[in-house]
Each structure stands twice: as C-alpha cells, then as structure tokens.
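The values are calculated or read from the model by the stated rules, or taken from the named source; none is laboratory data. Note that this is a predicted model, so its numbers are computed, not measured. FYI the Cβ positions are ideal-geometry reconstructions off the backbone, even for glycines, and counts take in every protein chain you see. For the accessible areas, the whole protein counts, side chains as well, though only heavy atoms, and no ligand, DNA or RNA atoms are used. Shrake-Rupley method; radii C 1.70, N 1.55, O 1.52, S 1.80 Å.
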Amino acid sequence: MLIVMKFGGTSVGSVKALTKVVDIMADGRQRDHQIVLVVSAMSGVTNLLLDAAEKAEDGDEKTAHQARALIAAKHEETTRHFLGETSQRAVVMAEIKALLDEFEALCHGIRVLGELTPRALDVIGGLGERMNVPQVTAILNRANIPAQGIVATQLIVTDDRFGSAVPLVEATAARAEAGLRPILNKDSVPVVTGFIGATEGGIPTTLGRGGSDYSATILGRALGADEVWIWTDVNGVMTTDPRIVPAAHPISHLSYAEISELSFFGAKVLHSQAIRPARRAQIPVRILNTFEPEHPGTLITAEALESNRAVKAVTAIKHMSLVTVEGPGMVGIPGVAGRTFTAVAKTDTNVLMISQASSEQSICFVVPSRDVPRVVKSLENELAREIDRRDLEPVKREDNTVILAVVGSGMKGTPGVSGRLFGALGRERINVIAIAQGSSEFNISLVVARGDADKAVRAIHEEFELEKPY
Ligand code: ADP
Ligand code: ASP
Ligand code: MG
C-alpha cells in the first residue's frame, strides 16, 4: 500500500514522540508499505515564529531573539539525543541555524519597515516545518530507514491567498509525481514539510493553521495513495473536544460528510479543508495516536456506518461574531439579501453560518471576530442609503459568541433530535441566539454566548449519552 502519513506538532515535538515516529515508520516498512511522510513543525514552534513576527511589526525585536533561542534549544535537544555529536548532526544544525538566521533577518526587516504583510507572515510561519524536515530525515536515516527531505514549495502549487492558500490540483499532481515518485521508487521515504506550498511563480504560501493535515491529503490525492494516516496525540476524532469534556471518547468510524461538518465547525483534530482531497479521490483517512499506535483510532470513508446513534459528536468554534442586517424596509427593498451577501463576499471573509428569520425582517450571519470590522464597514458602505432613510437599522454586531455544531448522519430521519437538543439547553438556562440546520440534515448549528459555550457542550454531550461507548 502507498500511505501518506502525517505527524502533527506534538508527535514530533520531543525525544519521546520522535522515538515513536521511528518505531511506526519501521513497522510500516516491515509491512511493505510505501510511505510518504509529512511533518509539522515541532510543537510550539509555529506559534513562537508568528508571535515574534507580529511583535516585530510593533517595534519589538527582542521577542524574535528569544524565540530563536527557544527554537534552537528544542532542535538541539532532539538532534543530540538521536544523532549524538556526529557530522550528520552538525549538518542538520547548520541547516536549522541558516533558517533561524533568515527568521531573525526577516523580523529585523519587519521592525524597520513597521509593516508585516501576509506574504512575509507565510514565509516566517513556514520556517518551523523547514527546520523539522532535515532533523526527521537524519533521524530516520540513522535508524536505517532510507529517507530524503523535500520542501513542499516544490510540490504543492497554490493560489496566492496568503494565510489560507488553496491548492491547484493539476499542477500539484504533476509536481508531486515528479518530486516524490523517484524517491519512492528508490525504496526511500520522502520527508515533506507540512503546512506550506508555493504559487506558480514560486512565492511561499501556507495552507492555514493546522494545515499539515491538508498537505497530507493533497499529496495523497496527487499520488493516488491508498490511504492517508493522520498521526496525532489523541485516539482519533472524539465525541467532543476532550479538553471540555474529559469523558469524550473516540469515534471508530465517520463518513466524509460527517467529518467535514465537524472539522469545519472547530474539531481541531483535522484542518477544516483537509478532508476534501481525500473525499474527491475516495481515499480512506485514519486518525491515529502516535503515543498509542495499536489503538484503531477513527476510520473515515464515504459511507456512514449504521449506528443506533442519531448524534455522534458536538463541536464548538470560538471567537465568532454575529452580524445582523435588519429593518422594516427589509421586505420591500428588492435584492437587499443579495447586496448584503455581495458586500460580505467582497471582504473575502469566511461566513460560517447564515440564518434568516421567516418574517424576512432580518438576516444574520456569523463570521470570525477578527474579520468583523471589515465586514461591517463593507455592509455600511453598501447599505448606506437605506440606513440613512431608516429603511434599515444600523448594522449590528454581537461579539463573544460561539457556534456549536451537533453532527451525525443518523439525525436525518430521527424525529425529536432538535426537541431533545433545545430541551437540554433550556434546562441549563442557556440562551440560544441563532440556529441553522445544514441542508445535509447531518448538522444543526447554533450560536450561544461565549460564557455559555462549555456548559452547552457538556449538556448536549450528556443528553445524547455520547460518553457511553457504542
Ligand atoms: P496535531 O498537532 O497532531 O495536528 P492538533 O492539536 O492540531 O494536533 O489536534 C489534536 C487536538 O485536537 C487534540 O489534542 C484535542 O485536544 C483537540 N480536539 C478538539 N476537538 C477534538 C475532537 N472532537 N476530537 C479529537 N480531538 C479534538
Ligand atoms: N505547524 C503548523 C501550525 O501550527 C501546521 C500544523 O501543525 O499542521 O499551524
Ligand atoms: Mg493539527
């Protein structure tokens, strides 16, 4: 089998984790799998890099120096453990040092200019993966697993939406085939940087936070892999975020449709777009635990398996704002809904949820809070005349809200799910601000205040008995 395996930050973040990675790779090779390895930056590194870049824009270069020291120390520890005082280690550390020099030079430039562009942020954000690839490659080689590092700017071709670039399928297929197949044919393991790509002109981009998952499925599709395995630090996709409900437990099987709702609505375990290439190419995806590799984890395929459960999981996505356009003139003004959506679309904002009251007197939608000033401004421009004439009220925003999504293919055709859902929230005195049901009927999404979110997740988890194994 050809398997693309991706290891996340925690799974490559320590000596203990990297020891597991080597074992898992050795085991895979023993089973005669051909493996493409995709690695994230060591845990914490991307945050350090991005934070330092932002501080540099505000005139602070000290944070970059501190970040450099912390990142260097992390890689020094792991390379020392696995490679000892060898020439291989010296080569790896020299590569890492060159990337850290680049990082400091970029931060210096940002401080001097007082400007941090999305393009620069992508170059800096992707450095962690570029530092990790030489170290993982050397560690595998040292363990007698032939491996060859490769930077994904040579493989994944994207558009130029810095910060959340979208892959160009055909160009990527050609580059991935040309770049990876010869390595596989030599019976070697390509070790690829997650998270990053480049435009056709070669400008580095990133696929959005958590994007290494996406890198793995993009490459899986490009190569026609048999499976994609996402190795992380939990036993698969769980009934909810285990940090909110410790009794959450792993779900053995999900369909592409179910995971796409869950990841879109905040299940951090998989990047929100990552399932798309796998779904397109019908490639099974497994979510597995690096620290408990014998656990079967979650298998994701086209069909939902029969389950006596209507609701399988609940997620929460924080830092959201609700924007409302309303007014007595809403019904009488032709095209106002269209103009509203066009104005939002112009800002290139990700709208997560839309809900329109049946009276047609209001439209509200939910966007990430960081985008809300742009969205409101664009709406005010577009609707200025109507607002002036009092046909519409001033655009309203409500911050500190959270979207909850309740997901399960069995909800379709199971009567009473919403009754139970709202009953449970009512008993906890949780105010539901807005509701939307996905047309798939696999998902009911609702908006609650930030302060109610965790309580609401617990109430839903309990109501649908998600803590019970099945
Ligand atoms: P990685 O670095 O391996 O990509 P992430 O931190 O991005 O790992 O994602 C895994 C984490 O996602 C878990 O440790 C868990 O805390 C969190 N998480 C949130 N929701 C879920 C969920 N529904 N199922 C599993 N994990 C979840
Ligand atoms: N290192 C990147 C991030 O922290 C990508 C990833 O981990 O998937 O967002
Ligand atoms: Mg992740």
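Might you let me know whether the range 279-288 holds any residue that is among the β-branched types (Val, Ile, Thr), more than 16 Å from ligand 3 (Cβ to nearest atom) and touching a residue at least 24 places away in the same chain (Cβ under 8 Å)?
Yes: the range 279-288 contains one or more residues that are among the β-branched types (Val, Ile, Thr), more than 16 Å from ligand 3 (Cβ to nearest atom) and touching a residue at least 24 places away in the same chain (Cβ under 8 Å).
Please name all residue pairs, on different chains or six or more residues apart, with Cβ atoms under 9 Å, provided the first residue is in the range 73-85 and is assigned to a helix (DSSP H, G or I) and the second residue is surrounded by 13 or more Cβ atoms within 10 Å (Cβ to Cβ) and acidic (Asp, Glu).
From the range 73-85, no pairs qualify.
For the range 103-121, enumerate the residues that are open to solvent by 70 Å² or more (accessible area, probe 1.4 Å) and in a helix (DSSP H, G or I).
Answer for the range 103-121, where residues must be open to solvent by 70 Å² or more (accessible area, probe 1.4 Å) and in a helix (DSSP H, G or I): 108, 111, 112, 113, 118, 119.
Looking at the range 356-396, which of its residues are open to solvent by 20 Å² or more (accessible area, probe 1.4 Å), over 24 Å from residue 448 (Cβ atoms) and of a type in the set (D, E, K, R)?
Correct list: 360, 374, 377, 380, 382, 385, 388, 389, 390, 391.
For the range 197-214, give me the residue count where each residue is out of contact with any Lys or Arg (no Cβ under 7 Å at 6 or more places or on another chain) and within 15 Å of ligand 1 (Cβ to nearest atom).
Total satisfying the criteria: 6.
Take the residues in the range 26-42 that are under 23 Å from residue 76 (Cβ atoms) and outside any loop (DSSP other than H, G, I, E, B), then tell me which one is nearest to ligand 2 (Cβ to nearest atom).
Going through the qualifying residues, I end up with 39.
What's the number of the condition residue 78 fails, among (1) surrounded by fewer than 20 Cβ atoms within 10 Å (Cβ to Cβ); (2) under 23 Å from residue 232 (Cβ atoms); (3) away from ligand 3 (no atom under 16 Å from the Cβ)?
So the condition that residue 78 fails would be (1).
Which of the residues belonging to the range 8-23 are surrounded by fewer than 17 Cβ atoms within 10 Å (Cβ to Cβ), of a type in the set (S, T, N, Q) and either in contact with a Cys (Cβ under 7 Å, 6 or more places away or on another chain) or not in a loop (DSSP other than H, G, I, E, B) (or both)?
19
Which of the residues belonging to the range 148-167 are part of a loop (DSSP other than H, G, I, E, B), more than 16 Å from residue 130 (Cβ to Cβ) and either in contact with a Pro (Cβ under 7 Å, 6 or more places away or on another chain) or open to solvent by 60 Å² or more (accessible area, probe 1.4 Å) (or both)?
160, 161, 162, 163, 164, 166
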